[in-house]
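Data first, discussion second: the structure below is written as structure tokens.
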Amino acid sequence: MKAVHVTGYGDVDKLEIVEKPIPEPKSNEVLVQIKACAINNTEIWMREGAYGTDEKSGWKPEGVQFPRVPGSDITGRVVKAGNEVKENMIGKDVVLFPFTSSGEAGTEQYSEDMSFIGSEYDGGYAEYVVWPADLCYDMPLPSYIESAAFSVSGLTAWHMVKQIEAAPSDTIMVTGANGGVGSLNVQIASKVFGAKVIAIVGDLALENRMKELGAEHVLSYKSKNLADDILKVNGGPIDSVLDVVGDALFSTSLQVLKRGGKFCTSGSAGGQKTELDLRTLYLKHITLYGSVLGTREEFKHMLEAISRGQITPVIDRTFPLERAREAQTYFKNAGKLGKIILLPDENI
């Protein structure tokens, strides 16, 4: 089968197209013919060494083992099943829950043995992948491409909104609102949980599209008076921030939060290290949340919301698998809206 290997830490030249054997499913696994795989920051930061280049590089103590097939937002069709799997799984169109864990229900992502597809297991930049049958869910939409737009970004966004206990009375600021996680934060916070959303983007040409996704106000982080702009459109401090940017908007976020406000982060595309005056935290009674991924129950609830049409896919463009280097380079460009999808077969 055709696949993309990450051969080590570095630039996109560390991505290589290879031919390798189709994997065999174990007794509790299925073989999935991959139809679409969305790109996430996770596999790019892993390749670049942003998580570290030793034992900190992956989710487990030994770090990422190269070569590795990246990719975690996977949809496809089950074409073979292990001997413990019901035969009616064969032929199903599925979306893959992105990690394994022995953690208890509700805290799976906290487990020490949590292992991520595309990091500890070979992932979706390929024509086939094997995965536990019980972690394969019915696709929420008829389209492979559209159904691939949610797994990691959507699960992360859903868990973030749940952590801050979003309510219809809340005003929530979403940073990086045009990205994969950010655009889903906007939709989930507004259309599922009923909150008022202030979306922060770079290019205000995206304003109408962000409002279609559920944002009530759209502001640019390029404003010289962003904090004042936020306070003005909301008529005062906001309740919560859902952040994927990090340092670039951290100070502004704390400035506009109300007393007792909540700040939840799942990324740091605008800087991984920041300064914090602890007096701001305790004098304003601010709660900080670190967030990544979520639970199987949350994944199911997210898929149900997608099926109901409360959350819709936001896709910028697709690339054939052979152009994975170009796709990852494009992914890092500012100004895109939504997900970038890799297609092993362009004719789906």
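The values are calculated or read from the model by the stated rules, or taken from the named source; none is laboratory data. Predicted model only: the values in this text are computed from it and were never measured. Methodologically, a virtual Cβ is constructed for each residue, glycine included, from the backbone with ideal geometry; neighbour enumeration extends over all protein chains shown. The area values use the complete protein model at the heavy-atom level, side chains included, leaving out ligands, DNA and RNA. Shrake-Rupley method; radii C 1.70, N 1.55, O 1.52, S 1.80 Å.
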### Message
Regarding segment 126-137, can at least one residue be identified that is surrounded by fewer than 23 Cβ atoms within 10 Å (Cβ to Cβ) and in a loop (DSSP other than H, G, I, E, B)?
### Response
yes
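Rundown of residues vs (1) touching a residue at least 12 places away in the same chain (Cβ under 8 Å); (2) under 23 Å from F319 (Cβ atoms); (3) of a type outside the set (D, E); (4) assigned to a helix (DSSP H, G or I), yes/no style:
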| position | (1), (2), (3), (4) |
| --- | --- |
| A3 | yes, yes, yes, no |
| Y9 | yes, yes, yes, no |
| D13 | yes, yes, no, yes |
| P21 | yes, no, yes, no |
| I44 | yes, yes, yes, yes |
## Note on the structure
Within segment 49-101, the count of residues that are modelled with pLDDT under 85, among the aromatic types (F, W, Y) and over 19 Å from V12 (Cβ atoms) comes to 1
### Task
Check segment 268-291 and report whether any residue there is at pLDDT 90 or above, within 30 Å of V18 (Cβ to Cβ) and open to solvent by less than 40 Å² (accessible area, probe 1.4 Å).
no
### Breaking point among (1) open to solvent by 20 Å² or more (accessible area, probe 1.4 Å); (2) touching a strand residue (DSSP E or B) at 6+ places or on another chain (Cβ under 7 Å); (3) closer than 18 Å to H301 by Cβ, for K162
(2)
### Single residue of segment 324-343 satisfying the filter (among the charged types (D, E, K, R) and surrounded by 15 or more Cβ atoms within 10 Å (Cβ to Cβ)) that is farthest from A205 (Cα to Cα)
R325
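Where in segment 156-255 are there helices (runs of 4 or more DSSP H), lying wholly inside it, with at least 2 residues that are of a type in the set (A, V, I, L, M, F, W, C) and within 22 Å of the chain's Cα centre (by Cα)?
180-187, 207-213
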### Message
Cβ-Cβ under 7 Å, sequence separation 6+ or interchain: first residue in segment 217-233 and open to solvent by 20 Å² or more (accessible area, probe 1.4 Å), partner outside any loop (DSSP other than H, G, I, E, B) and among the acidic types (D, E). Which pairs?
### Response
L219/D229; S223/D229
### Task
Can you confirm whether segment 309-320 contains a residue that is of a type in the set (G, A, S) and either under 30 Å from P237 (Cα atoms) or assigned to a helix (DSSP H, G or I) (or both)?
no
